[in-house]
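Q: One structure follows; several queries about it will come next.
The values are calculated or read from the model by the stated rules, or taken from the named source; none is laboratory data. Here the structure is a predicted model, which is why all the values come from computation and not from measurement. For neighbour counting, all protein chains shown are included, and Cβ atoms are generated from backbone atoms with ideal geometry for every residue, glycine included. Quick note on the areas: whole protein, heavy atoms, side chains included, nothing else; ligands and nucleic acids left out. Shrake-Rupley method; radii C 1.70, N 1.55, O 1.52, S 1.80 Å.
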Amino acid sequence: MDHFPDSLLSGYRSFKAGRFTEQSDRYRALAEKGQQPECLVIACCDSRAIPETIFDAAPGEIFVVRNVANMVPPYRPDGELHGTSAALEFAVQALKVRHILVMGHGRCGGIQAALDPGEEPLSPGDFIGSWMDMLKPAIAEIDSDETTGADDPHTKLERISVKRSIQNLRTFPCVKILEDKGRLSLHGAWFDIAEGELWVLDPATERFEMVPA
């Protein structure tokens, strides 16, 4: 196995001897009965903001979808490939989750790319350049939005993006119908990597509030 990363092999062995052994009954039950997570978390690919770690989740507790800058595209059944939309549809219609959380985070590289699209190695022709184009309307709101609880443009856009993704969630018929029936709740949050703080979006005020430790 010389070709395989040593850090991954070491991590696997630690997992197998530790957490897997300690929770072997849970893993077997999940394998036999399937998963029934209550919450779908849409998070960023960033290796520093791991939902399962942040929420201390056990196996099978949360269904996680990760992409660049934790964005939800609008409903667009055009026959193209839509990984996030497909995972969302599966979570809502097959797993029947009761909560969807869009979780942004501090120092997001995707958000930085949206603010400075000319920086190397990104360009408008790259996949990430096209993906981050979804945030162009949000960038225009940075100066006028006073609900983010932040001063710097980077953090403001990270939080505005969360709110826009929640708006896009409601363009999906399966989400809107269940939310209107009270069978599905939508949530927003933002995680500070440096301080370990979690800020939650208040749906009534549209403001982010820090969760007391």
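Q: Can you tell which of 92, 137, 108 lies farthest toward the positive end of the dipole of the chain, using +1 and -1 charges on the Cβ of basic and acidic side chains (Lys, Arg; Asp, Glu)?
A: Working it through, the farthest residue towards the positive pole turns out to be 92.
Q: Once you have the Cα-Cα distance between residue 47 and residue 171, take 0.36 nm times their residue separation minus that, and quote the gain in nm to one decimal.
A: This chain segment gains 41.7 nm when fully extended.
Q: Same structure, new question: Under the rule of at least 5 residues apart or a separate chain, name every residue whose amide H is placed under 5 Å from the amide H of residue 75.
A: 171, 172
Q: What does the charge count around residue 22 come to, taking other residues whose C-beta lies under 15 Å from its C-beta (Lys +1, Arg +1, Asp -1, Glu -1)?
A: Charge balance in the 15 Å sphere: +3.
Q: Follow-up. Computed FRET efficiency, Cβ-Cβ of residue 210 and residue 107, R0 25 Å: what is it to the nearest 0.05?
A: The value I calculate is 0.90.
Q: Just grab the label-to-label distance for residue 140 and residue 23, each label 7 Å out from Cα along the Cβ direction, in nm (one decimal).
A: The modelled label-to-label distance comes out at 4.5 nm.
Q: Something else: In the chain, carbon and sulfur make up what percent of the accessible area (probe 1.4 Å)?
A: 53 percent
Q: Which lysines have a Cα less than 29 Å from the Cα of residue 16, not counting those fewer than 8 places away in the same chain?
A: Reachable lysines: 33.
Q: Cα atoms only: what Rg and Dmax, in Å, come out for the chain?
A: In order Rg, Dmax, the Cα atoms of the chain give 18.5, 55 Å.
Q: On to the next question. Report the label-to-label distance for residue 86 and residue 127 in nanometres (one decimal), using points 7 Å from each Cα along the Cα→Cβ vector.
A: Result for the modelled spin labels: 1.2 nm.
Q: Continuing with this model, one more query. Give me the percent of DSSP beta bridges within the chain that run antiparallel, rounded to the nearest 5.
A: Percentage antiparallel, nearest 5: 30.
Q: Next question. Does region 22-61 come out rounded, prolate or oblate, given a ≥ b ≥ c as the square roots of the eigenvalues of its C-alpha gyration tensor, rounded meaning a/c under 1.5 and, failing that, prolate meaning a/b above b/c?
A: Since a/c reaches 1.5 and a/b is larger than b/c, the shape of region 22-61 is classed as prolate.
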